[in-house]
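*Asks:* Can you keep this structure in mind? I'll have questions shortly.
The values are calculated or read from the model by the stated rules, or taken from the named source; none is laboratory data. Bear in mind that the values here come from a model prediction, so they are computed numbers and not experimental data. Cβ placement follows ideal geometry from the backbone for every residue including glycine, while neighbour counts extend to all protein chains displayed. Accessible surface is based on the protein model in full, side chains and every heavy atom, while ligands, DNA and RNA are left aside. Shrake-Rupley method; radii C 1.70, N 1.55, O 1.52, S 1.80 Å.
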Amino acid sequence: MVAEPSGGPTGGEGEAFVGTASASARPALFERYPAIAGRLPRIALVAGPTPVQRLTALERRLARGPLWAKRDDLSASPFGGNKPRKLEFLLGAALARGARTLVTFGGLGSNHALATAVYGRRLGLAVTAILVPQPVDEHTLRNLRALSAQGARLLLVGNSRGAVIAAARACLEALVRDRRLPYLIPPGGSSPVGTLGYVEAGLELAEQVRRGELPAPAAVFVAAGSCGTAAGLLAGFRLAGLSSRVVAVRVSDALRVDAPAIARLASATLALLRRSGAPVPDAFQLAPADLDVWDGYLGAGYGHPTREGDGAMRLLDGVEGLTLDRTYTGKAAAAFLDAAAHPEWREKPLLLWHTGNSLPLDGLRVGGR
Ligand SMILES: *Cc1c(COP(=O)(O)O)cnc(C)c1O
């Protein structure tokens, strides 16, 4: 596998606001654990709590109880989805460490590489993206073009071995140019530092439940690739005392997606919080049995479309106007719809976590912001 950044609290910098003008006030994590605010630097990108939306037309169509969506597709502008939440803490750590270059990894059409290039560049950081093959469709090509238009340096490699070699070379180049090492971000941004963004998101949903914006979902469906999203939600829900079950829908065969891997990342993120001064008791632990991984929606592999995924995309677009994608959110939605139709879940509130960007990419021009 590729190198992991050592992560960790870096101290000193506190919070910087360079995101959208309306970027959120104090994050729930810092409200809850004031001691960590100075030690886990964050760059505000996410403009306040993302909306929760009741899918009433879909409920009528399926003749069943409450269905909800969490609209993280609207997390940030000009590029939304789950990656800006992770980048809030990743970019904070990179700046605190004095890095001038970010090196990261993804598939050819990686949302993560694109989000890193968009928001890294706003901070004046150079971005190198090391890209591995994935099935090429229109969406992949659009992302790749947008990535290249951001001025990111692109290194195409054949496999994860090639990625390690390219990363070593990119580190050397950055060392020569910047006189310091780059900040390495693992695939999908799913280091413990990046995962903090979804602990924050988990606390955010719990707060929306507390305020009565939606009932506590019986289960929350989320696409899982590098697993930081599912791991962070699991940790955030449990810290907040929200009982919703996390159902991680496996969409990758290139990365390990199973309950032990997700529980381990969630635990590593809790350990980071403890090291940074959050009074999370040692007795508070997360185990594989605390979540579910649904395995039946991957199809032929990462980025390969499935009939169920495509059907779910058409239904949610037609009935609710939600824009989903074939690699991640369409497959998560297929699992969500199966659960919605299942007698066991029929009356219970279910939530689909929309992790994709739904803003048009033409906002991302060269030299644009
Ligand atoms: C990256 C991504 C995911 C997967 O999130 P992980 O934290 O990597 O599991 C889900 N949906 C979309 C749209 C993504 O870009």
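This table checks each residue for (1) in contact with a helix residue (DSSP H, G or I) (Cβ under 8 Å, 6 or more places away or on another chain); (2) at pLDDT 95 or above; (3) surrounded by 21 or more Cβ atoms within 10 Å (Cβ to Cβ).
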residue: V319; (1), (2), (3): yes, yes, no
residue: L322; (1), (2), (3): yes, yes, yes
residue: T327; (1), (2), (3): yes, yes, yes
residue: A332; (1), (2), (3): no, yes, yes
residue: W345; (1), (2), (3): yes, no, no
residue: P349; (1), (2), (3): no, yes, no
residue: W353; (1), (2), (3): yes, yes, yes
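*Asks:* Between a residue in the stretch 61-79 that is charged (D, E, K, R) and any residue that is open to solvent by 20 Å² or more (accessible area, probe 1.4 Å) and not in a loop (DSSP other than H, G, I, E, B), which pairs come within a Cβ distance under 7 Å, given they are 6 or more apart or on different chains?
*Replies:* R61/V319; K70/V52; R71/Q53
*Asks:* Please work out which one of (1) within 9 Å of the ligand (Cβ to nearest atom); (2) small (G, A, S); (3) open to solvent by 30 Å² or more (accessible area, probe 1.4 Å) is the condition A168 fails and give its number.
*Replies:* Evaluating A168 over (1) within 9 Å of the ligand (Cβ to nearest atom); (2) small (G, A, S); (3) open to solvent by 30 Å² or more (accessible area, probe 1.4 Å) leaves (1) as the failure.
*Asks:* Those residues that are out of contact with any Pro (no Cβ under 7 Å at 6 or more places or on another chain) and farther than 25 Å from L272 by Cα, I need them from the stretch 175-208; list them, please.
*Replies:* If the condition is that a residue be out of contact with any Pro (no Cβ under 7 Å at 6 or more places or on another chain) and farther than 25 Å from L272 by Cα, then L175, V176, R177, D178, R179 are the ones that fit.
*Asks:* From L144, L95, L155, L102, grab the single residue that is part of a strand (DSSP E or B) and either surrounded by fewer than 23 Cβ atoms within 10 Å (Cβ to Cβ) or at positive phi (or both).
*Replies:* Just one listed residue meets the conditions, L155.
*Asks:* Of the conditions (1) away from the ligand (no atom under 16 Å from the Cβ); (2) within 21 Å of the chain's Cα centre (by Cα); (3) assigned to a helix (DSSP H, G or I); (4) of a type outside the set (S, T, N, Q), Y119 fails just one. Which one is it?
*Replies:* Here Y119 meets the rest and fails (1).
*Asks:* Considering only the stretch 122-137, how many residues are outside any strand (DSSP E or B), open to solvent by 20 Å² or more (accessible area, probe 1.4 Å) and farther than 18 Å from G225 by Cα?
*Replies:* Going through the stretch 122-137 one residue at a time, the tally reaches 4.
*Asks:* Just need a number here: residues in the stretch 233-252 that are open to solvent by 10 Å² or more (accessible area, probe 1.4 Å) and either among the aromatic types (F, W, Y) or more than 13 Å from the ligand (Cβ to nearest atom) (or both).
*Replies:* Residues in the stretch 233-252 being open to solvent by 10 Å² or more (accessible area, probe 1.4 Å) and either among the aromatic types (F, W, Y) or more than 13 Å from the ligand (Cβ to nearest atom) (or both): 7 in total.
*Asks:* From the list L337, L352, L298, L361, which one is within 17 Å of V220 (Cα to Cα), within 15 Å of the ligand (Cβ to nearest atom) and among the hydrophobic types (A, V, I, L, M, F, W, C)?
*Replies:* L352
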